[in-house]
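The values are calculated or read from the model by the stated rules, or taken from the named source; none is laboratory data. No experiment lies behind these values; they were computed from the predicted model shown. Backbone-built Cβ (ideal geometry, glycine too); neighbour counts: all protein chains shown.
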Amino acid sequence: MNLWDYNPEHDLLVPAKEEANPANLPGPFYVTAQCILCGLPPETAPQNIAYHPGCENPSTCRFFKQPTSADDLQLVFEAMAGSCVEAIRYRGSNPAILAHLKELGLARLCDAL
């Protein structure tokens, strides 16, 4: 499987290593409860990550849509790399995504590793 064939509904999940923001759409990618108002994730991957105005902290990001294309994934990977508090994590087990995140030096953000 390669990144072009990714479907988050077929990604087997492992337990999250960090507390997830409950406003996240369920799926393999999540924003932790440690998110702060840095602005980078929703600016980098606006098709998947946005602020959640209904939360206790209105500046908390959450996944409102899981990535479904290679373009979405690339932007989510950029947001993961740029998050100042490393609040964007992957708890899926897709081998292609895990390998790519390892190549990017982001293995520490993968709950399956």
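Has region 84-96 got at least one residue that is crowded, with 19+ Cβ neighbours inside 10 Å, in a loop (DSSP other than H, G, I, E, B) and touching a Ser or Thr at 6+ places or on another chain (Cβ under 9 Å)? Yes, because at least one residue in region 84-96 is crowded, with 19+ Cβ neighbours inside 10 Å, in a loop (DSSP other than H, G, I, E, B) and touching a Ser or Thr at 6+ places or on another chain (Cβ under 9 Å). Only a single item in (1) more than 12 Å from ILE97 (Cβ to Cβ); (2) surrounded by 13 or more Cβ atoms within 10 Å (Cβ to Cβ); (3) at pLDDT below 90 is not met by LEU3, and it is number (1). Only one of the numbered conditions (1) in contact (Cβ under 8 Å) with a residue 24 or more places away in the chain; (2) under 11 Å from the mean Cα position of the chain (by Cα) is violated by ALA112, and that is (2). Just a yes or no: is a residue in region 53-64 crowded, with 17+ Cβ neighbours inside 10 Å, in contact with a helix residue (DSSP H, G or I) (Cβ under 6 Å, 6 or more places away or on another chain), of a type outside the set (Val, Ile, Thr) and modelled with pLDDT under 95? Checked region 53-64: at least one residue is crowded, with 17+ Cβ neighbours inside 10 Å, in contact with a helix residue (DSSP H, G or I) (Cβ under 6 Å, 6 or more places away or on another chain), of a type outside the set (Val, Ile, Thr) and modelled with pLDDT under 95.
Within region 71-90, residues that are within 11 Å of VAL31 (Cβ to Cβ) have Cβ atoms under 6 Å from residues that are small (Gly, Ala, Ser) in these pairs: VAL76/ALA45; ALA79/ALA45; ILE88/ALA79, counting only partners at least 6 apart in sequence or on another chain.
Is it fair to say THR44 is more than 21 Å from ALA112 (Cα to Cα) and either among the basic types (Lys, Arg) or at pLDDT below 80 (or both)? Before you say what the answer is, go through the steps one by one.
On the way: more than 21 Å from ALA112 (Cα to Cα): yes; either among the basic types (Lys, Arg) or at pLDDT below 80 (or both): no.
So THR44 fails the test.
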